[in-house]
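Peer 1: So that we are looking at the same thing, I have put the structure below in structure tokens.
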Amino acid sequence: MFRPILTAACLIALSAQAQDLSTEIDKAYPRLESLYKHFHQYPELSRQEFKTAKRLGDELEALGYEVHRDIGITGLAAVMKNGKGPTILVRADMDALPIKEASGLSFASKQMQVNLDGEEMPVMHACGHDMHITGLVGVAEQMVRLKDQWQGTLILVGQPDEEMIGGARLMVEDGLYDKVGHPDAALALHVIGKYPAGKIIVNDTIMYSSADTVNIRVRGVGAHGASPHLGNDPIVVGSQIVNALQTIVTREISPIEPALITVGTFNAGTAPNILAEYADLSLTIRANSEDTRNKLLAAIKRVSINTAKAAGVPDDLLPIVERLGVGSPTTTNTPELVDVFRSAIKDKMGPDAMIAWYQSDMGAEDFPDMVNVNPVIPSVYFEVGGTAPERLAVGDVPDHHTPQFKIEHELAIKKGVEAMTIGALAMFDKFK
């Protein structure tokens, strides 16, 4: 790909712009920190982010954005039009998790909330979404200040329900793009604890795995526990299915192709001396390609049914295998836009601002449901490190989705805002 040679004067100008942006973010940070602590102390569960969405919308409205609220239940989209030009979308997720916080932070959450099933649960931002929406406000502020450096339409999205893999789809189905227009490109980020705080990480293609949930009801024939030969035990059959499912990954998928089937729950029975009539299994399925994903889903149904047949379960009582919803596809970047983003970050933040991406687990995201529309929206999903190097050195890295999760929020917010602002400006420049 051709890139112009930068003169000394150009390099000086780029350096000055980068220093100016960093300085302005430093000036804005005390207000952002206060906002971050507010969001962290008052988290809300998926599809119930009413107060979070109101505060986020009010912050963006105060900066001059036109805010469209209640898209996909609690989602919002803030729009700023700045002349003719491309439309760029920046997305941040808002929801928290049903976890009791044990981070030791002075501003730790003490919130309780009734979930969608009517159960009262402790609530915690255990995945960094509080940083994401705080960063969105920071980006909004910088893009207003830098209006002379871009032309077009900027859309800032506060998305609900990422943790249950559904909010992006909800917003699209509720007419997000009918309300704000179809973007030419989209950007999103996630703070990640396994990387040094403030470092920027991006991959050319895949960032996260696909995710699907499958429920299996294993049916049997009830009997007295003293007369198991008169029944057909779904707990035994279910156990055989659990073991058989693991051979799908080890014997049907290439050993160099990431794939995962995890049986997360197994519930059955009412008493030790009764053969149950059914056993319920719930699974999470992860893959790094749509081909592998489809193979796993098809094999799970085949293996479950045929294991039951081998155990003598009659045809009218074979397992019921149900996939919940449509899941989430892999989060995969547009390579051409990654080139633009990476070049802009290195030019403006310096060659040491970025570190190499690596996959250490099979986490998933629903951002693809916001961009895999018709026509597809080219996108870049990147990460910002969240852990101090000295903590990384001794392995003191509380994992996401745990009560102990916490980040070095100042550096993560500052660098996240800087990288996202630079990325948005670069997208406006590319599509102008």
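The values are calculated or read from the model by the stated rules, or taken from the named source; none is laboratory data. In this text, all values refer to a predicted model and were calculated from it rather than measured experimentally. A quick note on method: Cβ atoms are made from the backbone with ideal geometry, for glycine too, and the neighbour counts reach across all protein chains shown. SASA here: full protein model, heavy atoms, side chains in, ligands and nucleic acids out. Shrake-Rupley method; radii C 1.70, N 1.55, O 1.52, S 1.80 Å.
Peer 1: Please give the length that would be gained between ASP178 and SER360 if that part of the chain were fully extended, namely 0.36 nm times their separation in residues minus their C-alpha to C-alpha distance (nm, one decimal).
Peer 2: Extra length from ASP178 to SER360 when fully extended: 61.7 nm.
Peer 1: Using all C-alpha to C-alpha distances in region 321-407, build P(r) with 5 Å bins and read off the rounded percent in each one.
Peer 2: Bin by bin from 0 Å, the calculated values are 3, 10, 14, 19, 17, 17, 12, 5, 3, 1, 0.
Peer 1: What's the center-to-center distance, using Cα atoms, between region 304-322 and region 222-261 in Å?
Peer 2: Here the two parts' Cα centres lie 11 Å apart.
Peer 1: Here's a follow-up. In this model, which of LYS179/LYS414; LYS51/LYS430; LYS194/LYS346; LYS27/LYS147; LYS81/LYS414; LYS147/LYS415 are farther than 27 Å apart at the alpha-carbon?
Peer 2: LYS179/LYS414; LYS51/LYS430
Peer 1: Still on this structure: What is the spin-label model distance, in nm, from GLU33 to GLN19 if the labels are put 7 Å beyond Cα along the C-beta direction?
Peer 2: Calculated label separation equals 2.4 nm.
Peer 1: Report the FRET efficiency, 1/(1 + (r/R0)^6), for ARG302 and LEU116, where r is their Cβ-Cβ distance and R0 is 35 Å, rounded to 0.05.
Peer 2: 0.60
Peer 1: Quick one: pull the percentage of alpha-carbon pairs in region 50-153 with a separation above 19 Å.
Peer 2: I get 52 percent for the Cα pairs in region 50-153 exceeding 19 Å.
Peer 1: Which semi-axis lengths, in whole Å and largest first, follow from the square roots of five times the eigenvalues of the Cα gyration tensor of region 239-314?
Peer 2: Listed largest to smallest, the semi-axes of region 239-314 are 27, 13, 9 Å.
Peer 1: Here is a further query. Counting each DSSP H run of 4 or more residues in the chain as -39500 (n - 2.57), what helix-only mean residue ellipticity at 222 nm follows after dividing by all residues, to the nearest 500 deg cm²/dmol?
Peer 2: -12500 deg cm²/dmol
Peer 1: Mind jotting down the distance between the C-alpha centroids of region 354-424 and region 168-195, whole Å?
Peer 2: 15 Å
Peer 1: Assign unit charges at the C-beta atoms only (+1 for Lys and Arg, -1 for Asp and Glu), then state the dipole size of the chain relative to its Cα centre in Debye, rounded to the nearest 20.
Peer 2: 500 debye
Peer 1: Okay, moving on. Can you list the HN-Hα couplings for region 116-132, worked out from phi with the Karplus curve (6.51, -1.76, 1.60; θ = phi - 60°), rounded to whole Hz and with x for Gly and Pro?
Peer 2: Result, ordered by residue: 5, 8, x, 9, 7, 10, x, 10, 8, 7, 9, 9, x, 5, 5, 5, 5 Hz.
Peer 1: For the chain, what is the accessible area per residue in Å² when the probe is 1.4 Å?
Peer 2: I get 44 Å² per residue for the chain.
Peer 1: Another one. As I understand it, the dipole of the chain uses +1 on the Cβ of Lys and Arg and -1 on the Cβ of Asp and Glu, about the Cα centre. Which of ALA226, ILE377, ASN243 lies farthest toward its positive end?
Peer 2: So the residue we want is ILE377.
Peer 1: For VAL236, put the label point 7 Å out on the Cα→Cβ axis and report which residues of region 189-222 keep their amide N under 13 Å from it.
Peer 2: 220-222
Peer 1: Continuing with the same structure: For a label point 7 angstrom out from the Cα of THR213 toward its Cβ, which stretches of region 19-55 have the backbone nitrogen within less than 17 Å?
Peer 2: Of the residues in region 19-55, 45-49 have backbone N under 17 Å from the label point off THR213.
Peer 1: Under 5 Å between amide hydrogens, which residues at least 5 positions from ASP93 or on another chain qualify, with H placed 1.01 Å from N in the peptide plane?
Peer 2: HN-HN under 5 Å from ASP93: GLN159.
Peer 1: At a 1.4 Å probe radius, carbon and sulfur cover how many percent of the accessible area of region 350-392?
Peer 2: 58 percent
Peer 1: Turning to a different aspect of this structure: Give me a comma-separated list of calculated 3J(HN,Hα) values for region 341-351, in order, Karplus coefficients 6.51, -1.76, 1.60 applied at θ = phi - 60°, integers in Hz, x for any Gly or Pro.
Peer 2: 4, 4, 4, 5, 5, 5, 5, 8, 9, x, x
Peer 1: Right, something else. Computing the accessible area with a 1.4 Å probe over protein heavy atoms, can you report the carbon and sulfur percentage for region 186-328?
Peer 2: C and S atoms contribute 54 percent here.
Peer 1: While we're here: Would you mind calculating the gained length between ASP352 and ARG69 on full extension (0.36 nm times residue separation, minus the Cα-Cα distance), in nm to one decimal? Mind showing how you got there, number by number?
Peer 2: Details: separation 283, 0.36 × 283 = 101.88 nm, distance 3.90 nm.
Contour length minus Cα-Cα distance gives 98.0 nm.
Peer 1: Could you work out how far apart the two model spin labels at ALA393 and ASP316 are, taking each label as a point 7 Å from the Cα in the direction of the beta carbon, and quote it in nm?
Peer 2: 7.0 nm
Peer 1: Still on this structure: Please compute the contact order of the chain in relative form: average sequence separation of alpha-carbon pairs under 8 Å and at least six residues apart, divided by the residue count, as a percent.
Peer 2: Relative contact order, the chain: 23 percent.
Peer 1: Would you compute, for the Cα atoms of region 281-342, the largest minus smallest coordinate along each principal axis and list the three values in descending order, in whole Å?
Peer 2: Largest to smallest, the principal-axis extents are 59, 18, 14 Å.
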